[in-house]
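Every number in this text was worked out from the coordinates using simple rules, so none of it is lab data. From a predicted model like this one, the values you see are computed outputs, not experimental measurements. Ideal geometry is used to build each Cβ from the backbone, glycine not excepted, and the neighbour counts take in all protein chains shown.
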Amino acid sequence: MEAIKLDYRHFDTASIYGSEQALGEAIVEVLKLGLISSRDELFITFKLWLSDNHPDLVLPALCKSLQ
């Protein structure tokens, strides 16, 4: 949340970083506080781990990241 307060708008994450849940919670909080008006104001990237780089694993990995 502090980064968003400081006008950071790009966040880079990966499941291995363990930061996805905290980022999601911070986004919910700053939306409630009115620091941003919509999620569209943020640019969020995540990395698909090599072990998930198979057609059957991409979608589940993405869904897990978005939880």
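Which lysines have a Cα lying under 27 Å from the Cα of LYS32, excluding residues fewer than 8 positions away in the same chain?
LYS5, LYS64
Kindly provide the helix-only [θ] at 222 nm of the chain, computed as the sum of -39,500 (n - 2.57) over DSSP H runs of four or more divided by all residues, to the nearest 500 deg cm²/dmol?
Helix contribution divided over all residues of the chain: -13000 deg cm²/dmol.
May I ask you to compute the full-extension gain from ILE36 to LEU57, defined as 0.36 nm times their residue separation minus their alpha-carbon distance, rounded to one decimal in nm? Numbers along the way, then the final one.
Working: separation 21, 0.36 × 21 = 7.56 nm, distance 3.30 nm.
Separation in residues times 0.36 nm, less the Cα-Cα distance, equals 4.3 nm.
Just flag the chymotrypsin sites (Phe, Trp or Tyr not before Pro) in the chain sitting in loop per DSSP whose Cβ has no more than 11 other Cβ atoms within 10 Å.
Numbers: sites: TYR8, PHE11, TYR17, PHE43, PHE46, TRP49; in loops: TYR8, TRP49.
Answer in residue order: TYR8.
If we count other beta carbons within 10 Å of each Cβ, what is the order of VAL30, VAL58, fewest first? If you can, show how the numbers build up before the last one.
Details: VAL30 18, VAL58 12.
Starting with the residue having the fewest Cβ neighbours, the order is VAL58, VAL30.
Over the Cα atoms of the chain, Rg to Rh with Kirkwood Rh, two decimal places? Numbers along the way, then the final one.
Numbers: Rg = 13.2 Å, Rh = 12.9 Å.
Expressed as Rg/Rh, it is 1.03.
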